[in-house]
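J.: Handing you this structure, nothing more for now.
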Amino acid sequence: MTLEQILLLSFIQGVTEFLPISSSGHLVLVPALCGWKDQGLMMDVAAHIGTLGSVLLYFRKDVAALFKGTFSIIRGQVNDNTRLLINLIIATIPVVLLGLFFEKVVGESLRSVILIAWVGIIFGVVLYIADRYGHLVETVADTTAKRAAYFGFAQCVALVNGVSRSGACITIGRFMNYKRTDAARFAFLMSIPTITAAGLLKGYQLIKAGDLSQIGDAMLMAGFSFVFGICAIAFMMKWLQKSTLTPFVIYRILLGFFLLISVYGGFLSLTSCP
C-alpha cells in the first residue's frame, strides 16, 4: 500500500469509529471511487489496535477506575468503579454473542450499498429525534443495569452496516435523557471491550491465515489510526459540550442520498463493499 492509501484509510477508520456517521458508508466509497483493492485483514487488525489505543489514552482515568473496580469486585466491595465495570460488561455481552452470529451466519448479506444508504438516512433521522426531544439530565453515574442493557442492544443494532456503533449508542442515550457528553462518554467506553473483541477475532483469523507480509504498513496504519482516533474523540467531546448532533444528522442523510444516486446512476455497484 502507498502512504497516501494508509493515511486516508487510517483517517476514515480512526475518525468514523467515534463520530456518529457510520464507517461502513465511507469504506464503501473509498475503494470504489479510488479503484483500490480491499486493504486486507492485517490492516483491519492494525486499525482496531490504533483506535483502541486512542480510547484507552483519552479515557485513561475511566480505564484506571475500571481496573480499580475489578479489584474491588474481587474483594467483594461495591462502589462507583464496580458499578461502571458491571454496567460495561452488561452492555458488551449482547454484541459479543450476536456478533459471533453475524460473523458466522449473516456474513456478507448485509453489506449492500443500498441497505447501507437507507439505514444511514433512517438512523440519521432517529438520531435527530432523540437529540431534539431528549432532555439533558442523566449522567454516566446514573447508569443502571437496565440502562446498560439498552445501550448493549443499541450496539447490537449497529452490527448492521450503515447504523454506526457510536451513533446507535449515543441515540439510545439521548432517548434515555442522557447529557450529550455523557451519552458519548459511555458509548466510547463501551468501545473498549467491543473493539478488543473484534480485534482478537480478526487477529485470530489473521494468525490462521498466516500472512504477515504487510507488517510495516500495519504499524503505520495503527499509528495513524491512533492519532486520528484521539483527534476524533477530543473533537466530539468538545463539540457536544455546547452543540447538538444535527450536523452529523445532515451529513448522514447527504451521504445516504449520495450513495443512492451513485448506485442508481451506475457509478457504484449494488454490492461495492470492501
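The values are calculated or read from the model by the stated rules, or taken from the named source; none is laboratory data. Source: prediction; values computed, not measured. Glycine gets a Cβ as well: all are built from the backbone with ideal geometry, and neighbour counts include every protein chain shown.
J.: Going by the structure shown, is Gly120 buried (at least 18 other Cβ atoms within 10 Å of the Cβ), modelled with pLDDT under 95, small (Gly, Ala, Ser) and not in a helix (DSSP H, G or I)? It would help to see each step written out before you state the result.
T.: Values: buried (at least 18 other Cβ atoms within 10 Å of the Cβ): yes; modelled with pLDDT under 95: yes; small (Gly, Ala, Ser): yes; not in a helix (DSSP H, G or I): no.
The answer is no for Gly120.
A quick yes/no check of all residues on (1) under 13 Å from Val55 (Cα atoms); (2) not hydroxyl-bearing (Ser, Thr, Tyr):
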position	(1), (2)
Ile215	no, yes
Phe228	yes, yes
Cys231	yes, yes
Trp239	no, yes
Thr246	no, no
Ile250	no, yes
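J.: Something else: Would you pick out the residues in the stretch 219-250 that are in contact with a helix residue (DSSP H, G or I) (Cβ under 8 Å, 6 or more places away or on another chain), farther than 23 Å from Thr2 by Cα and at pLDDT below 95?
T.: Of everything in the stretch 219-250, nothing turns out to be in contact with a helix residue (DSSP H, G or I) (Cβ under 8 Å, 6 or more places away or on another chain), farther than 23 Å from Thr2 by Cα and at pLDDT below 95.
J.: Now for a different question. Could you list, in sequence order, all residues of the stretch 90-111 that are at pLDDT 90 or above, among the β-branched types (Val, Ile, Thr) and crowded, with 20+ Cβ neighbours inside 10 Å? Full working, then the answer.
T.: Just the residues of the stretch 90-111 that are at pLDDT 90 or above, to begin with: 90-94.
Of the ones still in play, those that are also among the β-branched types (Val, Ile, Thr) are 90, 92-93.
Residue satisfying the conditions is Thr92 alone.
J.: Please specify each residue of the stretch 169-181 satisfying the condition of being surrounded by fewer than 21 Cβ atoms within 10 Å (Cβ to Cβ) and part of a helix (DSSP H, G or I).
T.: Listed by number, the residues that qualify are Phe175, Thr181.
Matching residues to (1) surrounded by fewer than 18 Cβ atoms within 10 Å (Cβ to Cβ); (2) touching a strand residue (DSSP E or B) at 6+ places or on another chain (Cβ under 9 Å); (3) more than 17 Å from Leu9 (Cβ to Cβ):
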| position | (1), (2), (3) |
| --- | --- |
| Gly25 | no, no, no |
| Cys34 | yes, no, no |
| Gly53 | no, no, no |
| Phe59 | no, no, yes |
| Leu88 | no, no, yes |
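J.: Something else: What single numbered condition from (1) buried (at least 23 other Cβ atoms within 10 Å of the Cβ); (2) under 19 Å from the mean Cα position of the chain (by Cα) fails to hold for Ala218?
T.: With (1) buried (at least 23 other Cβ atoms within 10 Å of the Cβ); (2) under 19 Å from the mean Cα position of the chain (by Cα) applied to Ala218, the lone miss is (2).
J.: Could you tell me which residue of the stretch 1-47 is modelled with the lowest pLDDT, considering only residues that are of a type in the set (D, E, K, R) and more than 18 Å from the chain's Cα centre (by Cα)? First the steps, then the outcome.
T.: Residues of the stretch 1-47 of a type in the set (D, E, K, R): 4, 17, 37-38, 44.
Then drop every residue that is not more than 18 Å from the chain's Cα centre (by Cα), which leaves 4, 37-38.
Working: Glu4: 88, Lys37: 73, Asp38: 66.
Once the filter is applied, the top-ranked residue is Asp38.
Condition check ((1) buried (at least 20 other Cβ atoms within 10 Å of the Cβ); (2) of a type in the set (Asp, Glu); (3) within 25 Å of Ser10 (Cβ to Cβ); (4) under 12 Å from the mean Cα position of the chain (by Cα)) across all residues:
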position	(1), (2), (3), (4)
Ala130	yes, no, no, no
Asp142	no, yes, no, no
Phe151	yes, no, no, no
Gly167	yes, no, yes, yes
Leu189	yes, no, yes, yes
Ala222	yes, no, yes, no
Phe226	yes, no, yes, no
Met236	yes, no, yes, no
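J.: Is it the case, given these coordinates, that Ile114 is surrounded by 15 or more Cβ atoms within 10 Å (Cβ to Cβ), more than 15 Å from Ile89 (Cα to Cα) and not basic (Lys, Arg)?
T.: Numbers: surrounded by 15 or more Cβ atoms within 10 Å (Cβ to Cβ): yes; more than 15 Å from Ile89 (Cα to Cα): yes; not basic (Lys, Arg): yes.
Here the answer is yes, as Ile114 does meet what is asked.
J.: Among the residues of the stretch 184-234, how many are assigned to a helix (DSSP H, G or I) and without any contact (Cβ under 8 Å) to a residue 40 or more places away in the chain?
T.: We begin by selecting, within the stretch 184-234, every residue assigned to a helix (DSSP H, G or I); these are 184-209, 215-234.
Applying the additional criterion that residues be without any contact (Cβ under 8 Å) to a residue 40 or more places away in the chain yields 187, 200, 204, 207-208, 216.
Matching residues across the stretch 184-234 total 6.
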